[in-house]
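Okay, structure first, notes after.
The values are calculated or read from the model by the stated rules, or taken from the named source; none is laboratory data. Quantities reported herein were computed from a predicted structural model and do not represent experimental measurements. Cβ sites come from the backbone with ideal geometry, for glycine too, and all protein chains shown count toward neighbours.
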Amino acid sequence: MTILVTGATGNVGRNVVEQLVSRGADVRALVRNPAKADLPASVDVVLGELLDVDTLRSAMSGVTTLFLLNGVVADEFTQALIALNVAREAGIERIVYLSVIHSDVYVNVPHFAGKFGVERMIEAMGMPATILCPAYFMDNEVTVKDVVTGYGIYPMPIGDKGLAMVDARDVGEVAAIELIRREQASGPLPTTTINLVGPDTLTGADAAAIWSEALGRTIAFPGNDTAGFEQSLRQFMPSWMAYDMRQMAERFQTNGMIPEAGDVDTLTTMLGRPLRSYRDYVAQITA
């Protein structure tokens, strides 16, 4: 009874692995560079990539449950479809897929639309799965810390509708709970969807206020300039990805990422504790 984790060395994947290990699961991790994986000793670390069908088939041999996580890359959709097809070929009937919240609403945002397509494949092929749909990761805020502290502004154009930002540690723990639930079931369980959100729905002004509180000085929210946001991102990421992020920010502004009724209660019950808050996260990274 082996659980395969893809994306195992990333922010979410590493949390999933650690949570599974702490629960006594037999874990296999698919990584590009085993020498740099730095995962718990009990984990079976295997070399492979989601576009390398041969290594994927080898990694899935003997696996009973799959955690599928794709990074935001240009061929993300193809990666996911190949992984699911190989899993089906291998007889894997227990799947947890990391999608994104509101994939059916953010239809013009490439990486959202790709995940929506993957969800439709899972549905059309009748593959038993848990679809995890996280909101914006508060962990992304590490990338803006220097701008906030150096220039006194909160630069993310997240708008005024509000985002229910979620901590990757909570995502990893919920994923592990679902993987164990499916792994230990006597047979494949019905497909279910879980929104992964934080306890608070925050606007750009709210985020700036929380940074102000943490730093003890005023942090301004300059507004929602998505064109400038795209140009800033192009300094350290490919143009297609910067454009993708701009489209996402524009949907933040028009739609927000608002939890459905009961989402927070569902997650709190699953975890047996309160969800981690944005305020606590900012306090942690500014300490």
Criterion first (surrounded by fewer than 16 Cβ atoms within 10 Å (Cβ to Cβ) and at pLDDT 95 or above) does D200 satisfy it? no
Output the number of residues of segment 1-28 satisfying the condition of being part of a loop (DSSP other than H, G, I, E, B) and under 13 Å from L69 (Cβ atoms). 5
Does segment 206-228 include one or more residues that are of a type in the set (K, R) and either closer than 26 Å to Q19 by Cβ or without any contact (Cβ under 8 Å) to a residue 24 or more places away in the chain (or both)? no
Selection over segment 133-162 where residues are under 18 Å from G256 (Cα atoms) and assigned to a strand (DSSP E or B) yields a count of 3
Spans of helices (runs of 4 or more DSSP H) in segment 208-284 with at least 3 residues more than 20 Å from V171 (Cβ to Cβ): 226-233, 239-255
Lone qualifier among M241, M270, M248 - being farther than 20 Å from E141 by Cβ, surrounded by 14 or more Cβ atoms within 10 Å (Cβ to Cβ) and in contact (Cβ under 8 Å) with a residue 12 or more places away in the chain: M270
So D146 clears everything in (1) closer than 30 Å to G91 by Cβ; (2) surrounded by fewer than 21 Cβ atoms within 10 Å (Cβ to Cβ) except one condition, right? Which one? (1)
Can you tell me which residue in segment 249-264 is farthest from E230 (Cα to Cα), limited to those that are under 18 Å from the mean Cα position of the chain (by Cα) and of a type in the set (A, V, I, L, M, F, W, C)? V264
So, of the residues in segment 170-197 that are surrounded by fewer than 18 Cβ atoms within 10 Å (Cβ to Cβ) and not β-branched (V, I, T), which turns out to be nearest to V17 (Cα to Cα)? R181
